[in-house]
1. With respect to Leu81, determine if the residue is modelled with pLDDT of 85 or more and in a loop (DSSP other than H, G, I, E, B).
2. Can you pull out the residues in region 1-48 that are outside any strand (DSSP E or B) and under 22 Å from Val90 (Cβ atoms)?
3. Test each condition in (1) within 12 Å of the ligand (Cβ to nearest atom); (2) modelled with pLDDT of 95 or more; (3) of a type in the set (Lys, Arg) for Lys89 and report the one that comes out false.
4. Tally the residues that are more than 10 Å from the chain's Cα centre (by Cα) and within 16 Å of the ligand (Cβ to nearest atom), restricting the search to region 12-44.
5. Suppose we filter region 58-72 for residues that are crowded, with 16+ Cβ neighbours inside 10 Å and over 12 Å from the mean Cα position of the chain (by Cα); how many remain?
6. Of the conditions (1) modelled with pLDDT of 95 or more; (2) exposed (fewer than 13 other Cβ atoms within 10 Å of the Cβ); (3) part of a strand (DSSP E or B), Pro54 satisfies every one except a single condition; which number is it?
7. Tally the residues that are out of contact with any Gly (no Cβ under 7 Å at 6 or more places or on another chain) and either aromatic (Phe, Trp, Tyr) or surrounded by 16 or more Cβ atoms within 10 Å (Cβ to Cβ) (or both), restricting the search to region 9-19.
Amino acid sequence: MKLMIAIVNNDDSAVVSSALTRENYTVTKLSTTGGFLMVGNTTFLIGTEENRVPRAKEIIKEYSKTRTHDAASTASFGKGLADGDLGAKVNVGGAMVFVLSVDEAEKY
Ligand code: 2BA
């Protein structure tokens with residue numbers, strides 16, 4: 001068994017979740033925050049058999065889009081944006097997917 005950890009953009013999370021559950025993957029959705037941009041994203045935990053990992057990756061890839069995000073400078077924290085505080089453009093996503101081997105998975 002494998003555990004997939006997939007970090008996707010919040011805007012894509014509903015459609016990724018629906019597409020996975022439609023194909024009978026079991027999914028847990030976590031609200032998470034990226035350490036660099038400090039904005040919300042969504043992390044899915046997907047426990048599945050190894051032979052079903054490639055299809056899950058295809059689904060996540062299909063519905064996760066790459067976006068450009070304006071990164072606010074730390075100078076704006078606590079006092080709002082001023083001219084020049086949105087200098088940096090950062091490319092985010094589509095999705096970051098990790099696949100881990102699971103020693104045991106039991107349901108009680
Ligand atoms: P964030 O950490 O907020 O990162 C957002 C985007 O900022 C990243 O997009 C990347 O383009 C850029 N970035 C991240 N760290 C950077 C750094 N130290 N210097 C310069 N630019 C940096 P993505 O790579 O698509 O990542 C999107 C989100 O996925 C990340 O949000 C993070 O929550 C997660 N993620 C990506 N790679 C990860 C990893 N190796 N381990 C854990 N989480 C990861």
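The values are calculated or read from the model by the stated rules, or taken from the named source; none is laboratory data. Fair warning: this is a prediction, and the values are worked out from it, not measured in the lab. Note that we place each Cβ from the backbone using ideal geometry, even for glycine, and neighbour counts take in every protein chain shown.
1. In short, no.
2. Asn10, Asp11, Asp12, Ser13, Val16, Gly34, Gly35, Phe36, Leu37, Met38, Val39
3. (2)
4. 5
5. 4
6. (3)
7. So the count comes out to 5.
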